Amino acid sequence: MRLALLFNKTRPDTTGVYFERALGTLGVQADHWALRDVERVPEGYDAYLRIDYGDDYELAWPARLRPSIFYAIDTHLSRSWAKIRRMAGDYDAVFCCHRKASVSLPGARWLPVACDPQLHVAPPTARTLDMAFVGTDGGVPRKFYLQALRERYPNSAIGPADFRQMAALYGRAKIGFNYSIADDVNMRMFEVLAGGALLVTNALTGDDLARLDLSDRRDLVLYRRPEDLFPLIDYYLAHPQERETIARQGQQLALARHTYRHRMQELLAVLEYRPKLARVHPLGEPLTCGS
């Protein structure tokens, strides 16, 4: 199978790069094209996959490039969502990394983000950090959570870091913190799980975690109110055996079912099921990954 991947490599850790590497492990020829070169992309590929990264939503997709697939990422951003809704009908298949969007877009399927074992798993080492969080402070309330964590747990690594250092940081941490701003399954969840730290994250209003077979106190730990966070962290820092058991189970599940290789297998299965995709909508029920 030959795929054309259309996305801008503005960052070495953009989602498209993860897709490209995962497809390579599956023996799929995946040729990268920048969005600005879309008119130069030749016909003859088995499929054309455009991967969203807040790029030019006004781009006119050439009708000759079929079957076409759009992987929507920024559906949780209001400034992008309206544009994504308008352009989604130009593609033969649509996948969304956020399940709420997949339900709202006719015929779309849920394909969450994942982890990359090559980047997110570090060699075993002593867990000398109490906590780790790789990312920016963001807005309210996450920045308040992070500042409180810095003050209460000074033996921690909380803040931005090069993506190549992420595995080492989570590999040294006892606990990896997450706050999902958009009430969604985000990349950090899988990055922490793959790194082997205990994932402590906010509970989501829907059943996305259950659909991925991620269970509270078995694979990760959920906090439901701000006042629950410190007691949970203190408990698991004081109980290393329980902490390590949950972290180990979460890591095993992430690597067994939630890598980008698994996600690309799901996407390819849709292509194989509908090898003659030609603006057919709807595609069917949204995927329930991991179930």
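Each value in this text was obtained by applying a stated rule to the coordinates, not by laboratory testing. Source: prediction; values computed, not measured. Cβ: placed from backbone, ideal geometry, glycine included. Neighbour counts: every protein chain shown.
Our estimate of slack between Ala210 and Glu244, defined as 0.36 nm per intervening residue step minus the Cα-Cα distance, is 10.1 nm. For the chain, the longest principal axis of the alpha carbon atoms and the long axis of helix 260-273 meet at an angle near 30°. Of interest is the spacing of the C-alpha centroids, which for the range 211-258 and the range 1-67 amounts to 36 Å. By the count of other C-beta atoms within 10 Å, a proxy for reagent exposure, Ile181, Ile175 are ordered fewest to most as Ile181, Ile175.
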